[in-house]
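Chemist: Handing you a structure now.
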């Protein structure tokens with residue numbers, strides 16, 4: 001017994017040090033002597049997950065939970081791994097079970113907050129992060145997490161308080177400076193500039209911290225009207241990350257070409273006579289083209305419920321393809337999924353949302369990059385509606401470049417370089433022309449500029465296309481209290497405005513080369 005206790009203590013030290021081989025060696029020895037040692041199973045699960053063996057880690061955690069079902073730390077980590085595996089229904093149940101046990105450990109509460117945040121339960125996440133801080137008030141990361149959750153649910157004052165608290169505790173918390181800059185887009189604190197410039201001089205900044213600082217500095221210069229400096233710090237901030245991701249336009253070109261090669265007509269598969277997907281609405285387009293705005297407008301209709309940004313359709317295509325690669329979508333997945341029954345893809349997608357769909361309402365799936373999947377969507381869900389946003393390409397490209405998207409998502413690898421962003425737009429433009437040629441009026445396009453100029457006219461046309469009655473509250477989208485988990489989290493809480501139209505002209509000197517790119521492929525940008 002003493003030997004097991006000694007090994008257990010050593011295993012805990014090893015996991016804290018990140019020595020996962022030693023953790024596994026010690027825990028296996030413990031379990032050889034005592035198969036009911038719950039914490040050995042738990043530590044094994046954490047070590048496997050840290051090595052990206054999430055499924056194996058989950059199995060070990062299940063063993064730990066089976067032995068100690070009321071251990072909130074076990075349950076919280078199990079819920080975390082379930083979300084990583086996109087098993088959201090089970091993850092939510094496990095997280096709720098853990099929360100019902102009223103945990104008092106700050107780290108466990110923070111883990112649960114992260115889980116609820118990823119599940120889209122923003123208000124619950126906010127409450128849980130608040131409890132974590134109660135038990136550990138001087139943890140900068142906990143304050144950052146609460147600030148982010150508060151920002152998502154539209155509580156800017158609370159968000160600002162906790163971003164600033166995180167910085168007070170940890171003055172080099174670069175991500176918190178960026179969080180503040182996102183929060184204060186319309187009322188920038190210029191007094192922070194000198195401090196940020198001094199921090200940026202640190203030669204040892206990693207690519208992520210350089211991104212956060214570069215964007216925060218750029219935001220202040222832009223607010224001051226110093227667009228040359230704003231652009232300069234965007235480029236400087238993105239430089240290291242651009243090298244790391246090594247984005248290839250040719251890779252995306254091959255991917256889009258593969259899509260066009262398998263969708264020759266709009267009548268592929270057995271699904272064309274089906275009513276499958278009749279309650280589904282997809283809002284898509286280039287990021288920063290107005291997709292969140294249109295989502296909020298439609299979501300304000302009494303007969304629609306938005307489910308937010310979902311990865312479910314892409315995962316359904318991947319699952320049905322049978323491909324075992326690490327990528328959700330590549331040329332092989334496209335080829336393999338294209339020969340499957342499209343209705344099976346649709347059924348898989350709908351099944352993944354069964355706990356979230358209100359049978360009395362239409363549901364809305366807003367994911368900009370779903371424009372890639374239009375061929376699959378319209379064959380898998382023949383009765384679904386698709387709304388695609390169009391916006392001046394110069395504004396789209398500059399807005400993508402100005403924005404810091406998730407640094408862990410390969411979807412946005414193009415946006416670390418302005419030329420790559422413009423080239424990606426040309427791929428989007430070409431693919432959308434192809435989809436329109438194949439599927440014709442099954443894709444409804446909305447002009448962002450026209451929406452901001454004549455909102456009622458455009459919204460009436462949009463609702464009519466969706467088969468929805470006119471409801472005036474759709475124009476009062478800014479009163480919608482539901483959380484927003486996108487870069488537009490603060491903008492869509494304001495009435496419709498036009499200040500973003502033509503914003504690219506502030507950077508006209510830096511964008512001259514983009515005109516050449518667009519001219520070469522016939523894309524109009526002087527709207």
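Chemist: So what's the back-of-envelope 222 nm ellipticity for the chain, counting only DSSP H runs of four-plus at -39500 (n - 2.57) apiece and dividing by all residues, rounded to 500?
Modeler: -18500 deg cm²/dmol
Chemist: Quick one: grab Rg to one decimal and Dmax as a whole number for the chain, Cα atoms only, in Å.
Modeler: That works out to 24.4, 78 Å for Rg and Dmax.
Chemist: Subtracting the Cα-Cα distance from 0.36 nm times the residue separation, let me have the gained length for residue 441 to residue 228 in nm, one decimal. Please report the intermediate quantities before stating the final value.
Modeler: Working: separation 213, 0.36 × 213 = 76.68 nm, distance 4.26 nm.
Gain on extension, residue 441 to residue 228, equals 72.4 nm.
Chemist: Can you compute the modelled spin-label distance between residue 194 and residue 464, with each label point 7 Å from Cα toward Cβ, in nm?
Modeler: Label-label distance for residue 194 and residue 464, simple model: 5.9 nm.
Chemist: Same structure again: What whole-number distance in Å separates the alpha-carbon centres of segment 233-268 and segment 81-100?
Modeler: Comparing the Cα centres of segment 233-268 and segment 81-100, I get a distance of 33 Å.
Chemist: How far, in nm, would the chain grow between residue 32 and residue 53 when pulled straight, counting 0.36 nm per residue and subtracting the alpha carbon separation?
Modeler: Length difference between fully extended and current span is 5.4 nm.
Chemist: Continuing with this model, one more query. Spin-label point model (7 Å from Cα, Cβ direction): what's the residue 328 to residue 358 distance in nm?
Modeler: 2.6
Chemist: Same structure, new question: Can you give the FRET efficiency for residue 138 and residue 102, using 1/(1 + (r/R0)^6), R0 = 30 Å, r = Cβ-Cβ distance, to the nearest 0.05?
Modeler: With a Förster radius of 30 Å, E is 0.85.
Chemist: For segment 249-521, compute Rg over Rh where Rg is the Cα radius of gyration and Rh is the Kirkwood radius from the inverse mean 1/r over Cα pairs.
Modeler: We get a ratio of 0.95 for segment 249-521.
Chemist: By how many degrees, 0 to 90 and rounded to 10, does the Cα axis of helix 122-135 deviate from the longest principal axis of the chain?
Modeler: Helix 122-135 and the main axis of the chain meet at about 40 degrees.
Chemist: If I model a spin label as a point 7 Å beyond the Cα along the Cα-Cβ vector, how far apart are those points for residue 90 and residue 4 in nm?
Modeler: 2.8
Chemist: So, one more: Enter the angle in degrees (range 0 to 90, nearest 10) between the Cα long axis of helix 342-352 and the first principal axis of the Cα atoms of the chain, meaning the one along which they spread out most.
Modeler: That helix lies at roughly 50 degrees to the long axis.
Chemist: For segment 1-47, state the semi-axes of the equivalent ellipsoid (square roots of 5 times the eigenvalues of the alpha-carbon gyration tensor), sorted largest first and rounded to whole angstrom.
Modeler: Taking √(5λ) for each Cα gyration eigenvalue gives 15, 11, 8 Å.
Chemist: To test your reading of the geometry: what angle, between 0 and 90 degrees and rounded to tens, separates the Cα axis of helix 207-224 from the longest principal axis of the chain?
Modeler: Orientation of helix 207-224: about 40 degrees from the principal axis.
Chemist: Can you tell me what the convex hull of the Cα atoms of segment 252-404 projects to on average, as an area in nm²?
Modeler: 9.7
Chemist: For residue 170 and residue 123, what does the FRET efficiency come to when R0 = 22 Å and r is the distance between their Cβ atoms, rounded to the nearest 0.05?
Modeler: It comes to 0.25.
Chemist: Separate question: So if we plug the beta-carbon distance of residue 498 and residue 17 into 1/(1 + (r/R0)^6) with R0 = 60 Å, what FRET efficiency do we get, rounded to 0.05?
Modeler: Once the sixth-power term is evaluated, E becomes 0.60.
Chemist: Please list the radius of gyration and Dmax for segment 153-209, considering alpha-carbon atoms only, with Å as the unit.
Modeler: Using the Cα atoms of segment 153-209, the pair Rg, Dmax is 11.8, 36 Å.
Chemist: Right, something else. Which value, in Å³ per residue, describes the convex hull spanned by the Cα atoms of segment 92-213?
Modeler: Given the Cα convex hull of segment 92-213, per-residue volume reads 106 Å³.
Chemist: Compare the peptides 99-107, 175-183 by average per-residue count of other Cβ atoms within 10 angstrom and give them in order, highest first. Please list the in-between numbers first.
Modeler: Details: 99-107: 15.0, 175-183: 23.2.
Ranking, from highest mean packing down: 175-183, 99-107.
Chemist: I need the peptides 61-74, 440-453 ranked by packing, meaning the mean over residues of other C-beta atoms within 10 angstrom, with the highest value on top.
Modeler: Highest to lowest by the protection proxy: 61-74, 440-453.
Chemist: Here's something else I'd like to know. Full extension from residue 244 to residue 410: what is 0.36 nm times the residue separation minus their Cα-Cα distance, to one decimal in nm?
Modeler: So the extension gain works out to 58.6 nm.
Chemist: Step by step: find N for segment 382-484, compute 2.2 N^0.38 Å, then divide the Cα radius of gyration by it. What's the final number?
Modeler: Rounded to two decimals, the normalised Rg is 1.26.
We did not get these values from a lab; they are worked out from the coordinates using the rules stated. Quick caveat: nothing in here was measured; it's all calculated off a predicted structure. Cβ coordinates were reconstructed from backbone atoms using ideal geometry, including for glycine residues, and neighbour counts include every protein chain displayed.
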